[in-house]
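Colleague: Starting off with a structure, shown below.
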Amino acid sequence: MNTDPTPPDMMRRRLFAAGCFGIGAATAGFLAATLRFLVPNVLYEPSRRFDVGAPSDFAPGSVTFLAERQLYVFNSVDGFYCISSVCTHLGCNVKRGGAGFECPCHGSRFDDNGQVVDGPAPKPLPWYALSLTPRKQLVVDLDQSVTPTFRLRA
Amino acid sequence: MKLRLPRSIWRVGWPATDKDRSAAMISSLFLHIHAARVSRHVLRPTYTYALGLIASILFVVLSITGLALMLYYVPHPPDAYRSMKDLQFVVTFGIVLRNMHRWSAHAMVAVVFLHMCRVFWTGSYKSPREFNWVVGVLLLLLTLALSFTGYLLPWDQLAFWAITVGTNIAAYAPIVGDRLKFLLLSGHVIGPMTLLRFYVLHCVILPLAMVMLISLHIWRVRKDGLSGAEAHASPVEEVAPGVFPASSKTYGLMALSKRTRASVEARNPDDEVFAWPHLLYRELLVALAVMVALHAASLTFMAPLEEIADPTRTPNPAKAPWYFLGLQELVHYSALVGGVLVPTLLVLALLALPYYDRSKEGSGRWFAPERRVANSIFTALAIFFATLTVIGTLFRGPNWAWVWPWR
């Protein structure tokens, strides 16, 4: 006589439910893995670190706009520094104008140091680190932000 | 004998009697999205203004013209721009097809929005159609997404900067914003991979989603019947509480369902007319009118194509597509509030609407007095957004400064 409280039918049903759950979980995991597929591993983009020329290419006291790099390079009395031309609001290129920079898209204005003066921009324009290669070329690193006190003697 | 081939395709010949007309509607895969008989009331053009129908027609036009354009378009810069130039100046009728695709897309955004307004103002989202309203909101979002992804494809200055502004708005979303932008662009900047991603979204993924949701949307309209039919039906005496006299309409689940019929449009057979010819004839007329209007627009107005995309030079002002200019105007005050908070809350409010407005009063009539509060709020919001859009489109010049359009 069978004294097992679980009838064989229920066993079968539970096993079936466990199997369905397992396959469902595996499918969900696979879908999640497929989401990762959407994230590119290699970016065929311009390098985030690049050289912009010799210090002597920039006249003392000048501001040079490197359109390709979306950068302003300053050669001030204290040294070199560079400010991004990409507006922190929605990514348009700011232009020199007024007392600093002006954005053509939504009218944000920045002072000479890239600090927000007016308009919807939430953050100042980023400053990026400059360095010198052994061959005396100026190198910008877009992954390395610096404060507006940054100067490079060259 | 002569009729064997056509009869094997169309079970019913050209129908001469109402019985055959019903059979023709029911036996055809394409026609049976209509009921065989429809309420007289909902056929009145001033009830629906055929906006849902026009939106569907525009989708069909967009699919066909889009497929044709795909034969020449190369989704890789800078060939993408070159192929647009070819379509405009080299390919025979290319410019007409492109214009038609562009103007249909603009029209579809406008018509889908108006369709939503109509459904709101007639209270048609009320029970049992709550979920179909949700599907409708998703269709509006899909329409906007399709339009937005299509906007980048010409790879001209207009496209590049509109998408720059648009994807940067996405980056303002809390926590996931930057990842979302990275996923959309497939990188940090708009480049070849972005174009490919937008192309696949625009030509395959989003249209497939659209077809599925449109099918669901129409299926549910078909099952629930058009709103307003009940309200305008002639009164029928109840035999017992909740029980109405048997109708000519049956559902085929009599053994399972206590209800006399599943689809309640009109309670009285006299309130209904046959879909063939009354509904089909009207649909044909609307389709013809839409086609005439689209052809007139496409032969008269040229879709804009500016110079090739130049990431180093921002046009002044850089504007998003017109239907996003209301948002851009808000974004001009604050990117987080205007670009993320307001649209998210609006969409959530729209999605949840039928579940918090649960009264059944005032459904199926335009501007029912019982719905004065709801209609006022919705109308105020619609006017507010329309005003922002007009300001963004006409009254904003270089540096987003105020300009008068007539100067």
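No value in this document is a laboratory result; all are computed from the given coordinates. Being a predicted model, the structure only gives us computed values, none of them experimental. So basically every Cβ, Gly included, is an ideal-geometry build from the backbone, and we count neighbours across all protein chains shown.
Colleague: Once the Cα atoms of helix A:8-37 and of chain A are each reduced to a long axis, what angle between those two axes, in degrees from 0 to 90 to the nearest 10, is obtained?
Modeller: 10 degrees
Colleague: If you fit an axis through the alpha-carbon atoms of helix B:206-224 and take the longest principal axis of the Cα set of chain B, what angle between them do you get, 0 to 90°, nearest 10?
Modeller: With rounding to tens, the tilt is 20 degrees.
Colleague: For the pair B:Leu5 and A:Arg96, how long in nm is the line joining their label points, each one 7 Å along Cα→Cβ?
Modeller: 7.8 nm
Colleague: Enter the Cα centre distance for the pair the stretch A:81-154 and the stretch B:54-87, rounded to the nearest angstrom.
Modeller: So the two Cα centres are separated by 39 Å.
Colleague: Sticking with this structure for a sec: Taking the simple approach of a point 7 Å from Cα along Cα-to-Cβ for both B:Glu370 and B:Leu71, what is their distance in nm?
Modeller: 5.5 nm
Colleague: If you don't mind, there's one more thing I want to ask. Report, in deg cm²/dmol and to the nearest 500, the calculated mean residue ellipticity at 222 nm for chain B, where each DSSP H run with n ≥ 4 adds -39500 (n - 2.57) and the sum is divided by the residue count.
Modeller: Value at 222 nm, helices only, nearest 500: -18500 deg cm²/dmol.
Colleague: On to the next question. Student exercise: in the protein assembly as shown, how many lysine pairs 8 or more apart or on different chains have Cα atoms under 20 Å apart?
Modeller: 11
Colleague: Using r as the Cβ-Cβ distance of B:Thr379 and B:Ser359, and R0 as 25 Å, what FRET efficiency do you calculate, to the nearest 0.05?
Modeller: Numbers: r = 18 Å, r/R0 = 0.73.
About 0.85, to the nearest 0.05.
Colleague: Which of these, B:Ile64, B:Ile175, B:Ile308, has the largest mean-square fluctuation under a Gaussian network model of chain B (Cα springs below 10 Å)?
Modeller: B:Ile175
Colleague: Rounded, prolate or oblate: pick one for the protein assembly as shown, where a ≥ b ≥ c are the square roots of the eigenvalues of its C-alpha gyration tensor, a/c under 1.5 means rounded, and failing that, prolate if a/b is larger than b/c, else oblate.
Modeller: prolate
Colleague: Hey, in chain A, which Cys have no second cysteine's beta-carbon closer than 4.7 Å?
Modeller: Taking the Cβ cut-off of 4.7 Å, the unpaired cysteines of chain A are A:Cys20, A:Cys82.
Colleague: If R₀ is 30 angstrom, what is the calculated FRET efficiency for the pair B:Asp20 and B:Leu114, using the beta carbon separation as r and rounding to 0.05?
Modeller: Details: r = 37 Å, r/R0 = 1.22.
The computed FRET efficiency comes out at 0.25.
Colleague: Between A:Thr34, A:Thr88, A:Thr133, find the one with the highest GNM mean-square fluctuation for chain A; connect C-alpha pairs within less than 10 Å.
Modeller: Evaluated over chain A, the most mobile residue of the options is A:Thr34.
Colleague: Taking 7 Å along the Cα-to-C-beta vector as the label spot, tell me the A:Ala59-B:Gln88 distance in nanometres, rounded to one decimal.
Modeller: 3.8 nm
Colleague: Cut-off 10 angstrom, C-alpha nodes, Gaussian network model of chain B. Which of B:Tyr172, B:Tyr355, B:Tyr333 fluctuates the most?
Modeller: Comparing B:Tyr172, B:Tyr355, B:Tyr333 in the GNM, the peak value goes to B:Tyr333.
Colleague: Now a separate question. List the chymotrypsin sites (Phe, Trp or Tyr not before Pro) within the stretch A:23-109 that fall in a DSSP loop (any state other than H, G, I, E or B) and whose Cβ has at most 10 other Cβ atoms within 10 Å.
Modeller: A:Tyr44
Colleague: For A:Asp143 and B:Trp219, FRET efficiency with R0 = 35 Å and r from the beta-carbon atoms, rounded to 0.05?
Modeller: With a Förster radius of 35 Å, E is 0.10.
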